[in-house]
Each structure stands twice: as structure tokens, then as C-alpha cells.
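One structure is given below, encoded as C-alpha cells.
The values are calculated or read from the model by the stated rules, or taken from the named source; none is laboratory data. Given the structure is predicted, the values throughout are model-derived calculations rather than measurements. Ideal geometry is used to build each Cβ from the backbone, glycine not excepted, and the neighbour counts take in all protein chains shown. What goes into the accessible areas is simple: the full protein's heavy atoms, side chains included, and nothing from ligands, DNA or RNA. Shrake-Rupley method; radii C 1.70, N 1.55, O 1.52, S 1.80 Å.
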Amino acid sequence: MLCDKSRVGIVKLHGPATIPLATGTLFRVADRSFIVTAAHAIRDALEEKAGLGLVAISGKIVGLGGSWKCSPLPHDEMDGGLGDIAIFGLAAEQVPLLVGNDFVGLRDMN
């Protein structure tokens, strides 16, 4: 159940159109909330200069303007690019918009 409620869709925003891009998982550690997803999907969208948003369980689209942190590109990694992680820190005002969603936390890692 937690996996279902912590999963969000990530979409590209082109004017009024929303284009499915990826899925992500919501996490919370202490007072910080964030999304984790695949870096290659985020890089591709950012190269297109597309806006990004997430789709909450309620169907509400929450804009993700701001900075993503992505793992290094494959040629920069000793592991040959096995790391493919992007993280986006949610602002405090974005979290209440995720009505119906849950966040995976340290309490869930037992």
C-alpha cells in the first residue's frame, strides 16, 4: 500500500499539454521531502527545456520548477553509468498539494 501511495507520475509540461515522462517515489527524511526518479528521463526533459510537474493521487499537477540533482553521466562514472538517479527537493508549500499521497520515510526501512 505504501508503494502505491508514494508513487507519482512525472510529466513534461508543454503549454496546456501534459506528456507522461516517468514515475517517481516520494520520500521524507526529517523535515525534508523529495522525489527520486531516473536521471536519464529528467536530463532529456531539461535538454528540451520542458517544464516538469508531478501528478498527485488526487490528479492535481504540481509544478517542479527548480533544480534537480542528477547522478553523473555514464562516461563520468567508474561503474559505467549504473547510477541513474535524479532527486528533486520539494518546497514546503508543494507538500500540502499532494493530498492522498504518502512519503516513504526512515520509519519504513525496518
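Each residue of segment 8-20 was assigned a 3J(HN,Hα) from its phi angle through the Karplus expression (A = 6.51, B = -1.76, C = 1.60, θ = phi - 60°), giving 10, x, 10, 10, 8, 10, 10, x, x, 8, 10, 10, x Hz with x at Gly and Pro.
Summarising the amide proton neighbourhood of Gly51: residues at separation of 5 or more, or on other chains, whose placed amide H is nearer than 5 Å comprise Leu13. Computed from label points 7 Å out along Cα-Cβ, the spacing between Val36 and Glu93 is 2.8 nm.
By a 1.4 Å probe calculation restricted to protein chains, Phe27 has an accessible surface near 60 Å², given to the nearest 10.
Rounded to the nearest Hz, the phi-derived 3J(HN,Hα) couplings of segment 88-97 under the Karplus curve 6.51 cos²θ - 1.76 cosθ + 1.60 (θ = phi - 60°) are 10, x, 7, 6, 3, 6, 7, 4, x, 6, where x marks glycine and proline. In this structure the amide hydrogen of Gly105, modeled in the peptide plane, comes within under 5 Å of the amide hydrogens of Arg28, none closer than 5 places in sequence on its chain. Mean-square fluctuation check for the chain, GNM, Cα pairs under 10 Å: which of Leu90, Leu13, Leu46 is largest? Looking only at Leu90, Leu13, Leu46, the biggest GNM fluctuation is shown by Leu46.
Summing charges over neighbours of Arg28, with a neighbour being any other residue whose Cβ is under 12 Å away from its Cβ, gives -1 when K and R count +1 and D and E count -1.
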